[in-house]
Amino acid sequence: MLVREYVFKFKEVEKYSTLFYHLGRIKCIKFEDRLRLELRKVVGILDIFYFSSLIHKCRFLEDFENHQNNTLQEKKNYLDTNL
């Protein structure tokens, strides 16, 4: 699931919660718990306390990961066609 989709679902569930999700760090921890393992490893060590910052970092990392995968695929395709 993409981070954008997960953020939307997380905010939907948050509407029905009590004070628990409104505490900054606890809200971030709950969000981190359901991230993909690759993102959770990187974001977890940053120890982010602000939910908006956490979302921004997750989206950035996801976009970076997608860009990196596309670049590797382009290099592979280039090498395959020129060899």
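Ordering 74-80, 30-36, 6-12 by mean Cβ neighbour count within 10 Å, with the highest value first, yields 30-36, 6-12, 74-80.
Full extension of the chain between Asn66 and Asp80 gives 2.9 nm of extra length, using 0.36 nm per residue less the Cα-Cα distance. Considering only alpha-carbon pairs that sit under 8 angstrom and 6 or more positions apart, the relative contact order computed for the chain is 29 percent. Along its principal axes, the chain has C-alpha extents of 61, 24, 17 angstrom, given from the largest down. For the range 3-82, a crude dipole built from +1 on the beta carbon of Lys and Arg and -1 on the beta carbon of Asp and Glu, taken about the Cα centre, is about 300 debye to the nearest 20.
Counting lysine pairs in the chain that sit 8 or more residues apart in sequence, or on different chains, and whose Cα atoms lie under 19 Å apart gives 13.
Here, each number is a calculation from the coordinates, and none is a lab measurement. Owing to the predicted nature of the structure, the values given are computational and were not obtained by experimental measurement. Reconstructed Cβ throughout: ideal geometry from the backbone, glycine too, with neighbour counts over all protein chains shown.
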